[in-house]
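Nothing in this text is a laboratory measurement; each read-out follows from the coordinates by a stated rule. Keep in mind it's a predicted model, so treat the numbers as computed, not measured. Quick reminder, even Gly has a Cβ in these numbers, built from the backbone with ideal geometry, and neighbours come from all protein chains shown.
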Amino acid sequence: MADLASLQATVRGRVHGVFFRAFVESRAEELKLTGYVRNRPDGTVEVRAEGERQNLEKLAENLKAGPPAARVEEVIAEWAEYSGEFTSFRARY
């Protein structure tokens, strides 16, 4: 059976207005993850994703790079148990 987990990440840096949400949504869908990504008022991006742990780890690595126009300064990742609360992955606006 797959090792399922949940990842909550906060991404700091130049991550608003650089297609970061679209980048994360596309990558998460490729990795067959569920959850969401959204901009926060404090200038960070919040990511909540669930699925196979190895795919979540790949997403976490992608968050550190971001799309070409982004400048990621820090990714704070917290791991938790899989909840199954999401059916798809979407950018929230």
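Before moving on, here are some points about what is shown:
- Axis of helix 53-65 versus longest Cα principal axis of the chain: the two differ by about 0°, to the nearest ten degrees.
- Net charge, residue 21 excluded, C-beta distance under 9 Å - Lys, Arg +1, Asp, Glu -1: +1
- Result for the chain in a Gaussian network model with C-alpha springs under 10 Å: among 72, 47, 11, the largest mean-square fluctuation is at 72.
- Beta bridges assigned by DSSP with both partners in the chain are antiparallel in approximately 85 percent of cases.
- By the beta-carbon count within 10 Å of each Cβ, the least crowded to most crowded order of 34, 87, 10, fewest first, is 87, 10, 34.
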